[in-house]
1. Against the condition of a type in the set (Asp, Glu) and over 28 Å from GLY56 (Cβ atoms), how does ASP233 come out, does it pass?
2. Among the residues of region 31-45, which ones are surrounded by fewer than 22 Cβ atoms within 10 Å (Cβ to Cβ) and closer than 15 Å to ALA63 by Cα?
3. Regarding region 168-181, can at least one residue be identified that is within 19 Å of the chain's Cα centre (by Cα), buried (at least 21 other Cβ atoms within 10 Å of the Cβ) and outside any strand (DSSP E or B)?
4. Where in region 95-166 are the strands (runs of 3 or more DSSP E), entirely inside, with at least 2 residues that are surrounded by 15 or more Cβ atoms within 10 Å (Cβ to Cβ), touching a residue at least 24 places away in the same chain (Cβ under 8 Å) and polar (S, T, N, Q)?
5. Can you tell me how many residues in region 168-196 are under 17 Å from HIS118 (Cβ atoms) and of a type in the set (A, V, I, L, M, F, W, C)?
6. State whether one or more residues within region 188-197 are in contact (Cβ under 8 Å) with a residue 40 or more places away in the chain, surrounded by fewer than 24 Cβ atoms within 10 Å (Cβ to Cβ), in a loop (DSSP other than H, G, I, E, B) and among the hydroxyl-bearing types (Ser, Thr, Tyr).
7. Which one of GLN129, GLN194, GLN212 is under 30 Å from ASP108 (Cβ atoms) and either touching a strand residue (DSSP E or B) at 6+ places or on another chain (Cβ under 8 Å) or of a type outside the set (D, E, K, R) (or both)?
8. Please determine whether any residue of region 71-84 is of a type in the set (S, T, N, Q), over 18 Å from GLN30 (Cβ atoms), in a loop (DSSP other than H, G, I, E, B) and at pLDDT 95 or above.
Amino acid sequence: MQKPMRAGRFLAFLATLVALIASSHLAQAQPPIVLVDEGHGQKFHIAAEGKLDLSGLAAALRAGGAKVQSIETALTTAALSHIDALVISGAFAPFSASEIDSIMHFLDGGGRLAVMLHIPFPLTPLLRQLHVDFSNGVIHEREHVIGDDPLNFNVAALGAHPLTRKVDSLSVFGAWALLSEDTSTVAIAHTSTQAWVDLNGNNTLDKGDAVQAFNVAIAGQVGRGAFVVFGDDAIFQNQFLHGGNATLARNLGAWLIKAENKDVASAAPTKMPLPSPFASAAHEL
């Protein structure tokens, strides 16, 4: 009578083992998750197909192997605990102190973050945590201008980084200048030396303004995690997602899920520090 009972227990054990193995394989097969924040007044969305929306970016992220989700509620530690990367693009509403703590905890644990600025002010506390500052106005360029509008221009000065792999240039449409304030951050894209920012607010280039090369993209590390900040969110909007911007979006998709080219990833990033006039002006906001 005992042998059939033992056989039954053995078969039950085998069934449990098979279920555990199947569950493990299923978990391993799950794609990495990229979460797109849409809970801070964003006007452009990953599910919409308008010219300024981000459905093209979402498609690029999915093509890189990610599962793309959006969130319209607060960014809590619990909400970020099951994802691999977070994208914050075009925020118009501020982030709470607890949300910023959750984001920094997420980064410290190995997560990745991409921030694209439409207006930088709602993100000021987070950017300060990342040791990134910004100008008091958008950049005017005098070289590589698009359509005779000095606010729209191509950026060809790119540092070595997985995000810039095979990108000859990128196009921006109203970019804020960014300042790297820590040795853990590096500038990966900047304007020509003829660009200027209207520091005195008179909408005219004069002696009160800063004329120099300005950073438009900065990358850095927090703990085991990494982040990138772009001074413009239009880079990844549907209307402008072509050429170098499209390549950049594909690279971003790979970088967010840590699937970037290892040879490029191991290359030393090119530092592009800004001179002191901008640094001084940036702190007078």
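The values are calculated or read from the model by the stated rules, or taken from the named source; none is laboratory data. Predicted, not measured: the structure shown is a model, and the values here were computed from it. Cβ: placed from backbone, ideal geometry, glycine included. Neighbour counts: every protein chain shown.
1. Working: of a type in the set (Asp, Glu): yes; over 28 Å from GLY56 (Cβ atoms): no.
Judged against the criteria, ASP233 is not a match.
2. Of everything in region 31-45, those that are surrounded by fewer than 22 Cβ atoms within 10 Å (Cβ to Cβ) and closer than 15 Å to ALA63 by Cα turn out to be PRO31, PRO32, ILE33.
3. yes
4. Of the strands (runs of 3 or more DSSP E) lying wholly inside region 95-166, those with at least 2 residues that are surrounded by 15 or more Cβ atoms within 10 Å (Cβ to Cβ), touching a residue at least 24 places away in the same chain (Cβ under 8 Å) and polar (S, T, N, Q) span 132-140.
5. 7
6. yes
7. The unique qualifying residue is GLN129.
8. yes
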